[in-house]
1. Taking the simple approach of a point 7 Å from Cα along Cα-to-Cβ for both residue 220 and residue 87, what is their distance in nm?
2. Read phi for every residue in segment 263-275 and hand back ³J(HN,Hα) as whole Hz from Karplus 6.51 cos²θ - 1.76 cosθ + 1.60, θ = phi - 60°, with x for Gly and Pro.
3. Around residue 298, which amide H atoms from residues at least 5 apart in sequence, or from another chain, sit under 5 Å from its own amide H, with H modelled in the peptide plane?
4. With a 1.4 Å probe and every protein chain kept in, tell me what percent of the accessible surface of segment 134-223 is carbon plus sulfur.
5. Compute the distance in nm between two label points, each set 7 Å from the Cα along the Cα-to-Cβ direction, one at residue 148 and one at residue 44.
6. How high is the relative contact order of segment 121-215, in percent, counting Cα pairs under 8 Å that sit 6 or more residues apart?
7. Sorted by accessible area with a 1.4 angstrom probe, largest first, how do 26, 242 fall?
8. Please report the antiparallel percentage of the DSSP beta bridges confined to the chain, to the nearest 5.
Amino acid sequence: MPVPLVSGSFGDLLDPRFRKIFFETYKQLPSMRGNLYTEISSDRDTVRDSSVGTLGDLVEFTGTITYDDMSQGYDVTETHKQFASGYQVERVLFDDDQFNIMDRRPAGLATSVARTQEGHAARFFNNAFSIDTFFYNHTEAVALCSNSHTTTSGASTTTGFDNLVTTSLSAVALESARVQMQDFRGDRAERISIMPDTILIPAQGTMEETAWEIVNSQGKLDTANNNANFNQGKYKVMVWHYLTDANNWFLIDSTFMKQNLYWVNRIAPEFGWVEDFDTLVAKYRAYCRYGAYYVDWRWALGAQVS
């Protein structure tokens, strides 16, 4: 007996509405990733990046140009990873409860995608005090926030190569961190321009209240003196629920961060579906492929507070 030709059955009817709900929900979910990372696309399985050493100061011109040299900096290789999830719907469930399926499950899958990516974006900060090779390999082979940074030029790293502190957030600790960041040195241990302007803190605990008082109070904190608050309006405070340690905090130069912290989209979140002809079960899935990496560490100072 001939097998009748059929279209995609009820899957054809599900697809347009599912896609609309999925992508609208995904776009509406709040994310801090875009505020921290520079997002780029890639058409290869890995991204390789590298830094180049700085030039020295100008020397007096005595009739002939003195040509300087630059040392090769550290290399970083980012490898995209695949992430996917899905669910199945029986035909009878679709027939009897159409709107519940279409409104809740696509939104739930979109939330899963956003939550996964946000967690991976926060991974850089949650693992800032240890060597993390989940997405990338950095040839400097030290933590993002460390007191053991090195240089390829052979310059002394005694001063200006430490972006790790252990002090709890306070007005005094913040000012000390600002001074420390402004003393960061470049590849040749030369002075560079670092301008910290952002405080990144977790949502847990009371740090948000502390940060708000530091940045917004007109007078100095916790003192009867009527001195003006040096930190008033100086910093943007970013509170991130995906930071897992209630005590750690970060001081950031946001401009330099955007030049060195990258989120790589190999395959943006996409949706697909298929129906099993014999069982009348439709399968829906979300898939994406991405990675992240940093080139230079000098955009951040991290406080690992015990």
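The values are calculated or read from the model by the stated rules, or taken from the named source; none is laboratory data. Predicted, not measured: the structure shown is a model, and the values here were computed from it. Neighbour counts run over all protein chains shown; Cβ positions are idealised from the backbone, glycine included. Areas reflect the complete protein model, heavy atoms only, side chains present, ligands, DNA and RNA absent. Shrake-Rupley method; radii C 1.70, N 1.55, O 1.52, S 1.80 Å.
1. 5.7 nm
2. 10, 10, 9, 8, 10, 5, x, 9, 10, x, 8, 8, 10
3. Result for residue 298 returns nothing.
4. Working: 2100 of 4320 Å².
Taking all protein chains in place, segment 134-223 shows 49 percent carbon and sulfur surface.
5. Roughly 3.1 nm, to one decimal.
6. Working: 96 pairs, mean separation 18.6, N = 95.
Computed over segment 121-215, the figure is 20 percent.
7. Values: 26 45, 242 80 Å².
Descending accessible area places them as 242, 26.
8. Numbers: 41 of 52 bridges.
So the antiparallel bridges in the chain amount to around 80 percent.
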